[in-house]
Amino acid sequence: MNSVVRIFTRAGEKRIKAGHGGTLDPLATGMLPILIGEATRYAELGLSAEKSYRVTFDLSYQTDTLDLEGEVTARFEQVIGRETLEDALAAFRGDLDQVPPAYSAIRIDGRRAHEMARKGETVAMKSRRITILALNLVAFEFPLVTLEVRCSKGTYIRSLARDIGERLGLGGCVTELRRLSTGGWPEAMMVNIDELKTRQDQCLLPLAVWLRNLTPVQLSDDEPKRFLQGQRIQLKNSSAGEAELEVAVFEAATLLGTGQLKSGMRHMVLHPVRILPSAQALYL
């Protein structure tokens, strides 16, 4: 991410603010959405989005980090066939309780778990509920397994490989990991650092595109100004009792920010959540 910041920070200017839409493991490649400027306010939409991965892992051994960065902790001599593997994979589709790796960026009492683990401290990781939306076997030549995974937020692919291996009585060390998609963004949209250096303006996308999975709400008359002042807006073309949801708020094609639709006495009421400073500068 620092490389991207340097590209978009012009000489002599203050370093731009930047954030990302989901951490990648150190050895992983693939999609990492970068948000700059006021778009960083919306980074959590990437963190909460479903993601897709291609992973290769080795069943013949395990490491303390669950990938190639770590020290080998166990080796396994048992050999299995494809049918046995397919049977095991069936147990990992749907809702699961998963224990994240100790070597991860999760905070425990304010400290990163991986920092504690590298100091030899005991790291007690709590399980979390995740969903494996799709799990497809791409290739298998023992001991190497390649899967494509579509999963909910909070899923650790290293933990998934570990758990599949444990179910088989084997290891599950990740040797390759690539994120294919975040929130439905196609793999074809990815650019590398070299491309970004030569055509940075073409690679920038409007913030409204990042918010495309939110329901759009259009405001008119005096509503945009009231919204940008932080006022609640009663949407008269709606009925109370409709589903409450997070929305992207517009006047025509201009993005104003995001809000929460909540049920009122007679109509749905729009509650401002995040207001764009650039929109305030235009309207207020």
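For the range 248-283, enumerate the residues that are within 15 Å of Arg212 (Cα to Cα), crowded, with 18+ Cβ neighbours inside 10 Å and among the β-branched types (Val, Ile, Thr).
Correct list: Val249, Thr258.
Mind checking whether some residue in the range 120-128 is closer than 23 Å to Gly184 by Cβ and within 25 Å of the chain's Cα centre (by Cα)?
Yes, the conditions are met somewhere in the range 120-128.
Answer yes or no as to whether Gln260 is among the polar types (S, T, N, Q), in a loop (DSSP other than H, G, I, E, B) and not assigned by TED's automatic domain parsing to the domain that holds Leu35.
No; evaluated as a whole, the condition is false for this residue.
Considering only the range 44-66, I want to know if a residue exists there that is among the aliphatic types (A, V, I, L, M) and free of Cβ contacts under 8 Å to residues at least 40 places away in the same chain.
Scanning the range 44-66 turns up no residue that is among the aliphatic types (A, V, I, L, M) and free of Cβ contacts under 8 Å to residues at least 40 places away in the same chain.
Would you mention how many residues in the range 64-84 are polar (S, T, N, Q), within 30 Å of Glu115 (Cβ to Cβ) and more than 32 Å from the chain's Cα centre (by Cα)?
The qualifying residues number 0.
Taking Glu77 as the residue in question, decide whether it is in a loop (DSSP other than H, G, I, E, B) and among the charged types (D, E, K, R).
yes
Answer yes if at least one residue in the range 120-134 is more than 25 Å from Glu176 (Cβ to Cβ) and in a strand (DSSP E or B), and no otherwise.
The answer is yes, given that some residue of the range 120-134 is more than 25 Å from Glu176 (Cβ to Cβ) and in a strand (DSSP E or B).
Looking at (1) assigned by TED's automatic domain parsing to the domain that holds Thr40; (2) out of contact with any helix residue (DSSP H, G or I) (no Cβ under 8 Å at 6 or more places or on another chain); (3) within 20 Å of Ala39 (Cα to Cα); (4) not aliphatic (A, V, I, L, M), which is the only condition Phe227 fails?
(1)
Determine whether Gly171 is at pLDDT 95 or above and under 22 Å from Glu69 (Cα atoms).
Answer is yes for this residue.
So, in the range 44-74, of the ones that are among the charged types (D, E, K, R) and either in a loop (DSSP other than H, G, I, E, B) or surrounded by 21 or more Cβ atoms within 10 Å (Cβ to Cβ) (or both), which residue ends up modelled with the lowest pLDDT?
Among those that are among the charged types (D, E, K, R) and either in a loop (DSSP other than H, G, I, E, B) or surrounded by 21 or more Cβ atoms within 10 Å (Cβ to Cβ) (or both), it is Glu50.
Looking at the range 159-180, which of the residues that are among the charged types (D, E, K, R) and out of contact with any Ser or Thr (no Cβ under 8 Å at 6 or more places or on another chain) is surrounded by the most Cβ atoms within 10 Å (Cβ to Cβ)?
Within the range 159-180, the match that is surrounded by the most Cβ atoms within 10 Å (Cβ to Cβ) is Arg162.
The values are calculated or read from the model by the stated rules, or taken from the named source; none is laboratory data. Predicted model, so just to flag it, every value in this text is computed and none were measured. Positions of Cβ are generated from backbone atoms using ideal geometry, with glycine treated the same way; all protein chains shown enter the neighbour counts.
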